[in-house]
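The values are calculated or read from the model by the stated rules, or taken from the named source; none is laboratory data. Being a predicted model, the structure only gives us computed values, none of them experimental. Don't worry about glycine lacking a Cβ; one is built from the backbone with ideal geometry, like all the others, and counts go over all protein chains shown.
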Amino acid sequence: MRRRTVLTGAVSTAALARPALGQSAARTIRLVPYVNLTQLDPVWTVTGASMACGYLVYDMLYGIDEHFMPHPQMCAGHETSSDGLTWTFTLRDGLLFHDGEKVRAIDCTTSIARWTVKDPFGQALAAVTQEMRALDDKRFEIRLKKPFPQMLFAFASRPCFMMPERQAKTPASEQVKDFVGSGPFRFLPGEWVSGASAAWAKFDRYVPRQEPPSTLAGGKVAYVDRVEWVVQPDPATAVAALRKGEVDWIEWPLTDLLPQLKGSPGVVVKALNWPHFCVLALNHLHPPFDNPAFRRALLPAIDQKAFVQSIVGDQMELTRIPCGYFTEGTPMANKAGLDALTGPRDLALARRLVAESGYKGEPVLVMSPTDSPPFAELAHVVLSTLQSIGVNVDFREMDFGSLMTRRVNQAAPAAGGWNAVAQIWTVLNSSNPGNALALRANGKGAAFGWPTDPELETLRQQWFDAPDLGAQLAAAERIQRRAFEFVPGIPLGQVTMPTAYRENIAGIVRTPYPAFWGLKKG
């Protein structure tokens, strides 16, 4: 198995050590994110850095707590008609956008409409919505064609961020140009240097809820004045900066370097993050992955242990395998069809199935980032796996921002598209059929890969219509069994990424992405 090479001393720590101009170090949190921030629009892309930026800048109508239960956030509350078809939402007092304008109901309905174009949960809501309208500045109404009991969970668990109406009118296929939100921090566009750094300032007029924070719910109190992200692609340099106190927090330290971090005075290493789900996304629009027989041929060769071990090395306690299409430890996780990935791996069988599928040796373009070790390690295991079963691989390495841009390109690989890419998703992208990006199969309306399978879509709707938890789990089992037949993508295993921070940092909230509300620096 290929293991990473750590570059020691390749990059100076001087860039990490620069103090923020005019800012007290005690009031500034400096984070080394796991990947560069290249796109800011959290609807246009679902990359982790964009989501983390979104949670800083924007606020949500509802938020989930640590037990996956939804709670009011921007809303004071809601009322539901006796038949479950009319929902009336009321905004709480004191909500302001960063430009000083009041948050209005029309801002919310326009933001929801944009979000429903791309988000898998949002698409399900849009399909049953009869009408959505603002009643006045503080109230809006959603009238449904049929009950949608998952409404609050959809708003609370997905990146359904509220934007000003002018911003939310931007088509979901285009990126917004104006990043004004109503969250606890303001984005500072003049300090954003893609590939190097980004900064946010406390929004002094934000009114938090008077509740303790819990994941994406509760009071989002900003105790620090400023948040800085310092991009550092060399893991050893980032670790050295944390040990010296030049940065406060590394989102995902390289697991090979965790032992020396754990022995460093003033440094805390903890598994505070939620689990992450690794998946191989396959482009169904172009050969050879437009052929279901070819997609199924890969399954006997997929060794989930090899994939997760490429990230964590011998620290297998940070992993959970085998896993199917739902995050292990969440209610919908099940074993249906999982025998496709368990038991001894059979490369000879996979090679035979590849040949029988009609594969003609065309190149398979696999993308890999040069500046994110966990993603790159997965990509190299994809490379070796495909080559071992006779697939002609065109391995393309590029920076993460370029990969994210190319990932949404539906053109043929030779014209700027792609065939396969390994991804790492949070639990919010894989915990149930509503939010599982890998399981949406409505063609070009689906997430990147764009699979089309009416049967999978029908089964997914059965989950939405299920009257109770038992019926939901039965539907989830049917969905997973079908997924292993159709193969929209391939689950590669589950990992928990430890985080590392200085011991004078307190109040880190356990969330899918780095959160800076509740955070104090002593």
Query raised in the report: Of (1) out of contact with any helix residue (DSSP H, G or I) (no Cβ under 9 Å at 6 or more places or on another chain); (2) farther than 16 Å from ASP59 by Cα; (3) in a loop (DSSP other than H, G, I, E, B); (4) not acidic (Asp, Glu), TYR223 satisfies all except one. Which?
Result: (1)
Query raised in the report: Would segment 277-285 turn up any residue that is at pLDDT below 95 and either farther than 15 Å from ALA483 by Cβ or out of contact with any helix residue (DSSP H, G or I) (no Cβ under 6 Å at 6 or more places or on another chain) (or both)?
Result: yes
Report summary line: Every listed condition ((1) assigned to a strand (DSSP E or B); (2) farther than 22 Å from PRO275 by Cα; (3) of a type in the set (A, V, I, L, M)) holds for LEU492 save (2)
Report summary line: Just one listed residue, out of ASN409, ASN435, is part of a loop (DSSP other than H, G, I, E, B), closer than 27 Å to GLU328 by Cβ and among the polar types (S, T, N, Q), and it is ASN435
Report task. Those residues that are modelled with pLDDT of 95 or more and either outside the structural domain of LEU378 (by TED's automatic domain parsing) or over 18 Å from the mean Cα position of the chain (by Cα) (or both), I need them from segment 421-442; list them, please. Result -> ALA441
Query raised in the report: What is the number of the single condition among (1) surrounded by 22 or more Cβ atoms within 10 Å (Cβ to Cβ); (2) not in a loop (DSSP other than H, G, I, E, B); (3) not charged (D, E, K, R) that GLN387 does not meet?
Result: (1)
Requested in this report: Name every residue in segment 38-51 that is in contact (Cβ under 8 Å) with a residue 40 or more places away in the chain and within 14 Å of PHE179 (Cα to Cα), in order of residue number.
Outcome: THR38, GLN39, LEU40, ASP41, PRO42, VAL43, TRP44, MET51
Report task. Working carefully through the options PRO253, PRO208, PRO233, find the one that is in a loop (DSSP other than H, G, I, E, B), touching a residue at least 40 places away in the same chain (Cβ under 8 Å) and either in contact with a strand residue (DSSP E or B) (Cβ under 8 Å, 6 or more places away or on another chain) or among the hydroxyl-bearing types (Ser, Thr, Tyr) (or both). Result -> PRO253
Report task. Tell me, yes or no, whether segment 194-215 has at least one residue that is aliphatic (A, V, I, L, M), touching a Cys at 6+ places or on another chain (Cβ under 6 Å) and either closer than 22 Å to MET74 by Cα or surrounded by fewer than 20 Cβ atoms within 10 Å (Cβ to Cβ) (or both). Result -> no
Report task. Could you check, for segment 272-290, whether at least one of its residues is within 25 Å of LEU428 (Cβ to Cβ), of a type in the set (Gly, Ala, Ser) and either surrounded by 21 or more Cβ atoms within 10 Å (Cβ to Cβ) or not assigned by TED's automatic domain parsing to the domain that holds GLN410 (or both)? Result -> yes
